[in-house]
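Take a look at the structure set out below.
The values are calculated or read from the model by the stated rules, or taken from the named source; none is laboratory data. On a predicted model such as this, the values are computed, not experimentally measured, just so you know. Virtual Cβ from ideal backbone geometry, glycine too; neighbours counted across all protein chains shown. Side chains included, ligands, DNA and RNA excluded: accessible areas come from the protein's heavy atoms. Shrake-Rupley method; radii C 1.70, N 1.55, O 1.52, S 1.80 Å.
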Amino acid sequence: LLQSILELSGTDSKLKEFVAVLDEITADARACLVFTEYVDTMSYLRDQLLSKYVTSHDIATYSGKGGTWWDGIEWKEISRAEVARKLRDGELRVVVCTDAASEGLNLQTCGVLINYDMPWNPMRVEQRIGRIDRIGQEYPVVWIFNYFYRDTIENKIYQRLADRINWFEVVVGDLQPILAQVGEATKRLAMLPAS
């Protein structure tokens, strides 16, 4: 058993697929937000990506501890607002973060979101997506990638959720236009006289 486990440790198939997709999707200069569940996973991905971004300054991290940014020589601490500003100004291509970035940050300049780790609560996935899929989004289509291992309980849960959402969209229609109309109707009602 131990020998079988050691044989598996040579290749991280999830990381390999992630890096290949990341290369492809950031080729058109889209900024990418990569969510992980744990700070340790965030640090692991940051370290794995460093060789790719070692001479550039376009990678950062964000967690409950705050932000870090690779300045070409070392990791420097930066504020939450600075991470958002660097994304907005096109100075970052990849931000690896925990769920601390899914609350209170408007990151609509990103065109891609990768859920490297999937949370058990689907509403947290929606919160993550809400960081980039919001008013002011610069891209007509945002790309969302969800990573989990095939034939696991995670895979089954998210497949059933996707099936239910698909069923809803087939019967009722796309969710986005419906949700957009709710916001517009609320804005129109708020502008009416009190009477």
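Within the accessible surface of the stretch 1-152, defined with a 1.4 Å probe on protein heavy atoms only, the carbon and sulfur portion equals 53 percent. Considering the stretch 91-139 at the alpha-carbon level, its Rg and Dmax are found to be 10.5, 32 Å.
Going through the cross-link list 16/86; 14/52; 52/76; 14/76, which pairs have a Cα-Cα distance over 24 Å in this structure? Please report the intermediate quantities before stating the final value.
Numbers: 16/86 27 Å; 14/52 17 Å; 52/76 18 Å; 14/76 28 Å.
From the list (16/86; 14/52; 52/76; 14/76), the Cα-Cα distance tops 24 Å for 16/86; 14/76.
For the modelled label position 7 Å from the Cα of residue 29 along Cα-to-Cβ, which residues of the stretch 129-145 have backbone nitrogen atoms closer than 16 Å? Answer for this model: 138-140.
For residue 138 and residue 76, compute 0.36 nm times the residue count separating them, minus their Cα-Cα distance, and round to one decimal in nm.
Gain in length upon complete extension: 19.5 nm.
Across the stretch 75-138, Cα pairs under 8 Å and at least six residues apart give a relative contact order of 36 percent. On a per residue basis, the stretch 1-102 carries 53 Å² of accessible surface, using protein heavy atoms and a 1.4 Å probe. Here the convex hull built on the C-alpha positions of the stretch 11-140 has a volume of 108 cubic angstrom per residue.
Applying the Karplus relation 6.51 cos²θ - 1.76 cosθ + 1.60 with θ = phi - 60° to the stretch 68-75 yields 3J(HN,Hα) values of 9, 9, 7, 8, x, 10, 8, 7 Hz, where x marks Gly and Pro.
Given an 8 Å cut-off on Cα distances and at least 6 residues of separation, report the relative contact order of the stretch 37-114 as a percent. Relative contact order comes out at 31 percent.
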